[in-house]
1. In whole percent, how big is the carbon plus sulfur part of the accessible area of the chain, probe 1.4 Å, protein atoms only?
2. Just name one of ALA42, LEU22, THR73: the one whose Cα is farthest towards the positive end of the charge dipole of the chain (beta-carbon charges, Lys/Arg +1, Asp/Glu -1).
3. Test of understanding: what is the full-extension gain from ALA67 to ILE6, defined as 0.36 nm times their sequence separation minus their Cα-Cα distance?
4. For region 1-76, state which chymotrypsin sites (Phe, Trp or Tyr not before Pro) are in a DSSP loop and have at most 14 other beta carbons lying within 10 Å of their beta carbon.
5. Suppose accessible area is computed on protein heavy atoms with a 1.4 Å probe; arrange ASP41, ASP18 from highest to lowest.
6. Apply 1/(1 + (r/R0)^6) to the Cβ-Cβ distance of LEU53 and ALA77, taking R0 = 35 Å, and write down the FRET efficiency to the nearest 0.05.
7. Give me the accessible area per residue for the chain, probe 1.4 Å, as a whole number in Å².
8. Would you compute, from DSSP H runs of 4+ residues alone, the mean residue ellipticity of the chain at 222 nm, taking -39500 (n - 2.57) per run and dividing by the full residue count, rounded to the nearest 500?
Amino acid sequence: LFNHGIVMEGSLLDVARDAGVLEKKGAWSQFQGELIGQGKDATRKTLAEKPDLAKKIQEATLAKRAAELTAATNAAAPSAGR
């Protein structure tokens with residue numbers, strides 16, 4: 001972000017959207033059925049103002065990524081007994 005450097009909330013938005021934790025509804029961002037901001041800037045500001053919401057999104061994103069990693073690891077592992 002200009003004159004601020006890397007902003008955690010902006011990075012969280014990008015990663016959460018890529019993971020499918022945050023959904024886009026038109027210009028709005030949605031988390032678990034709740035509209036949280038219209039446009040990236042407004043959503044980033046909402047997360048900055050509501051750190052508890054940002055923490056929930058972060059935890060959901062990390063949990064989803066961990067589940068994906070576990071599934072990929074299990075799929076790549078050779079089956080026992082073959």
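The values are calculated or read from the model by the stated rules, or taken from the named source; none is laboratory data. What you see is a predicted model; the values in this text were computed from it and never measured. Note that we place each Cβ from the backbone using ideal geometry, even for glycine, and neighbour counts take in every protein chain shown. Surface accessibility is based on the protein's heavy atoms, side chains included, excluding ligands, DNA and RNA. Shrake-Rupley method; radii C 1.70, N 1.55, O 1.52, S 1.80 Å.
1. 55
2. Going by the Cα projections, it comes out as THR73.
3. 19.2 nm
4. Passing sites in region 1-76 are PHE2.
5. Details: ASP41 85, ASP18 120 Å².
These residues rank, largest area first, as ASP18, ASP41.
6. Numbers: r = 36 Å, r/R0 = 1.04.
After rounding, the FRET efficiency stands at 0.45.
7. 70
8. -19500 deg cm²/dmol
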